[in-house]
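Q: Supplied in structure tokens, the structure appears directly below.
The values are calculated or read from the model by the stated rules, or taken from the named source; none is laboratory data. From a predicted model like this one, the values you see are computed outputs, not experimental measurements. Methodologically, a virtual Cβ is constructed for each residue, glycine included, from the backbone with ideal geometry; neighbour enumeration extends over all protein chains shown.
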Amino acid sequence: MATSSNLSCKVSSNNVSSRTGSRVKAGEVIISSFPFIQLLKEDSKGKLCDFCFRSGKVRKCTGCAVDFYCSVPCQRKDWKATHKYECSLLKKLQPHSITGTPRMLAKAIISLNNGGRSVTEKIDDNLTRSFGDLMTHEECLLQNNELAETFGVLEKMLRCYFGTEISFNTNELLSIYGALLVNGFGVTNCESEEIGSALYLAASILDHSCLPNAGVTFDGSRIVVRALQDFPNFQWSQININYIDGLTCREDRQRSLQRSYFFECHCQRCVDPEHNELENSFLCGNDSCVGVLGVGVTTIARCARCGFDGYSECAVQYWRVVARCRQLLQDEMGNEVKCSLDAATDLLLELCSVGKVASRKSTKTPVDQSLVRAIQGCALHPFNIWRVKAVNAVNEAAIVEKNFNLAKDVGLTNVDAMRYYYGKNHQTYSFFLAKLSKLCVYCNDLYKGEELLKEAQVSVRVSYGDQHPIYHSVSELCHQTRVELATLAVPALKT
Ligand SMILES: [Zn+2]
Ligand SMILES: [Zn+2]
Ligand SMILES: [Zn+2]
Ligand SMILES: [Zn+2]
């Protein structure tokens, strides 16, 4: 149900104007810039342009037969930037090839050796960024054995690739490697799939927050950063984006930020004890109570509102299932991993059975129904992060297997939690909403569909802008659904 793949992401270009101290509204573009260097992912090669990352008819460079371009201007720009030096090297390397981080580093060295150090990008009246301004964290890098070892291998590969033609020294390479690790972006397409990586000078001024106030989308290889809320008195130092996925538990966020970006996060969310408790929590077992019961290492808290104590024995069982979630749903850096519908369903049922008498006897009932019922009767809090992740996993796997009704039904149980974790205007949330509302309409759940489409329209407008294909498709579907609902409406009876 994802948006059609031949849509091209066109976003109007933004001129740099001074924003400091002025009023900036939610949805306004605050940074729009082209990469300093970029590299298309291997599986997009030949489908997208190696320079601008746009789809369309691309043609092979006749020199190296490695890179593809959509147009002569793109080829010219890339030639001037790095390809002039790389083309013969790539040709010489055949039948071998150089991809990923080594190639990204090679491009950076070539670019910096050829005037790249003096390239400056203007961000605001008195704010500019050049490569020398980027954080590099060489000391931290060398202290990490794994990274230090990887660096040694990378250096050898590059010396081999460059031969006698291009030279660099080890310290220089180390700082470039550090700059790439800390400042690199994964570039995604309209369907939120990663298509490449890039380094942007301007965007490197943005700090991280686990609940950010600015959002990043891409238009081909161009980065577009939008304010996700109103700023009455805009200051660059207040603006933050998330470097890692927002739907990650605190412990995993801290580990992954430390490992990849070398810092400890003290954002609003990381220091909020209520939020931290919520990530691993049960909902009070008394029907009328909304108490949050945090899970400790060995026990589960008594409800502070009503005194309910029915889950106190379930902590061990809970952490056992969480360990399975960690294994199945994410890699060691906390990034989402896709799993099959069967595996995701089993895991979700297991989570839903914590604190309950095992409820999987009724294998005769179709899984769709029993699964949705299991979620509804789940003892875990609806904002419990593992529950949210497992529901997402089922939703995504069900879409892949074209079980749209199941995808819709489980997706609907996650709306409030997704809004809570990402924020109402974040691109991940708005993309989720857009997908879910389409599922509703597709499955003929028109009232729910219209309700979600209205919210999606507002959210997508802020995170992607009103020129984006996702915004157009959501608006159009919203209009169609309204028309359809109007024809269904029964006229009122005359009394
Ligand atoms: Zn192009
Ligand atoms: Zn070439
Ligand atoms: Zn944080
Ligand atoms: Zn209670």
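Q: Taking the range 50-81 as the region of interest, how many residues are loosely packed, with under 15 Cβ neighbours inside 10 Å, hydrophobic (A, V, I, L, M, F, W, C) and without any contact (Cβ under 8 Å) to a residue 24 or more places away in the chain?
A: Number of matching residues: 1.
Q: Among L206, L257, which is under 17 Å from L127 (Cβ atoms) and under 20 Å from the mean Cα position of the chain (by Cα)?
A: Details: L257 fails: under 17 Å from L127 (Cβ atoms).
Residue meeting the stated conditions: L206.
Q: Moving on to the next point. Any residue at all in the range 433-441 that is farther than 24 Å from E336 by Cβ and either among the hydroxyl-bearing types (S, T, Y) or buried (at least 17 other Cβ atoms within 10 Å of the Cβ) (or both)?
A: The answer is yes, given that some residue of the range 433-441 is farther than 24 Å from E336 by Cβ and either among the hydroxyl-bearing types (S, T, Y) or buried (at least 17 other Cβ atoms within 10 Å of the Cβ) (or both).
Q: Sticking with this one: Take the conditions closer than 27 Å to K25 by Cβ and assigned to a helix (DSSP H, G or I) and apply them to V462. Does it pass? Walk me through how you get there before you give the answer.
A: Details: closer than 27 Å to K25 by Cβ: yes; assigned to a helix (DSSP H, G or I): yes.
Answer is yes for this residue.
Q: Give the residues of the range 243-259 that are under 19 Å from G186 (Cα atoms), surrounded by 15 or more Cβ atoms within 10 Å (Cβ to Cβ) and free of Cβ contacts under 8 Å to residues at least 60 places away in the same chain, sorted by residue number.
A: Within the range 243-259, Y243, L257 meet the criteria.
Q: Another one. Going through K41, K47 one at a time, which residue ends up being under 22 Å from E194 (Cα atoms), among the basic types (K, R), in contact (Cβ under 8 Å) with a residue 60 or more places away in the chain and surrounded by fewer than 20 Cβ atoms within 10 Å (Cβ to Cβ)?
A: Only one candidate qualifies: K41.
Q: Has the range 74-85 got at least one residue that is assigned by TED's automatic domain parsing to the domain that holds C190, under 27 Å from D466 (Cα atoms) and in contact with a Phe, Trp or Tyr (Cβ under 7 Å, 6 or more places away or on another chain)?
A: Within the range 74-85 (the criterion being assigned by TED's automatic domain parsing to the domain that holds C190, under 27 Å from D466 (Cα atoms) and in contact with a Phe, Trp or Tyr (Cβ under 7 Å, 6 or more places away or on another chain)), the answer is yes, since at least one residue qualifies.
Q: If you don't mind, there's one more thing I want to ask. Quick check on my filter: what residues within the range 47-56 are at pLDDT 95 or above and either assigned to a loop (DSSP other than H, G, I, E, B) or over 17 Å from P35 (Cα atoms) (or both)?
A: Correct list: K47, C49, D50, F51, C52, F53, R54.
Q: Residues that are out of contact with any His (no Cβ under 9 Å at 6 or more places or on another chain) and within 20 Å of A81 (Cα to Cα), at least 2 per element: which helices (runs of 4 or more DSSP H) completely within the range 136-217 meet that?
A: The qualifying helices (runs of 4 or more DSSP H) are 145-162, 170-183.
Q: Working only within the range 431-455, note down all residues that are in contact (Cβ under 8 Å) with a residue 40 or more places away in the chain and either over 25 Å from A227 (Cβ atoms) or small (G, A, S) (or both).
A: Scanning the range 431-455 gives A434, S437, K438, L439, V441, Y442, L446.
To keep it simple, each residue is scored yes or no on (1) in a loop (DSSP other than H, G, I, E, B); (2) hydrophobic (A, V, I, L, M, F, W, C); (3) more than 16 Å from ligand 1 (Cβ to nearest atom); (4) more than 20 Å from N213 (Cβ to Cβ).
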position: Y243; (1), (2), (3), (4): yes, no, yes, no
position: T248; (1), (2), (3), (4): yes, no, yes, no
position: R259; (1), (2), (3), (4): no, no, yes, yes
position: H266; (1), (2), (3), (4): yes, no, yes, no
position: S288; (1), (2), (3), (4): yes, no, yes, yes
position: G294; (1), (2), (3), (4): no, no, yes, yes
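Q: Let me ask something additional. Determine whether Q317 is of a type in the set (S, T, N, Q), more than 22 Å from the chain's Cα centre (by Cα) and more than 16 Å from ligand 1 (Cβ to nearest atom).
A: On the way: of a type in the set (S, T, N, Q): yes; more than 22 Å from the chain's Cα centre (by Cα): yes; more than 16 Å from ligand 1 (Cβ to nearest atom): yes.
Criteria met by Q317.
Q: May I pose another question? Taking S237 as the residue in question, decide whether it is part of a helix (DSSP H, G or I), of a type in the set (S, T, Y) and at negative phi. Spell out the reasoning first.
A: Working: part of a helix (DSSP H, G or I): yes; of a type in the set (S, T, Y): yes; at negative phi: yes.
Here the answer is yes, as S237 does meet what is asked.
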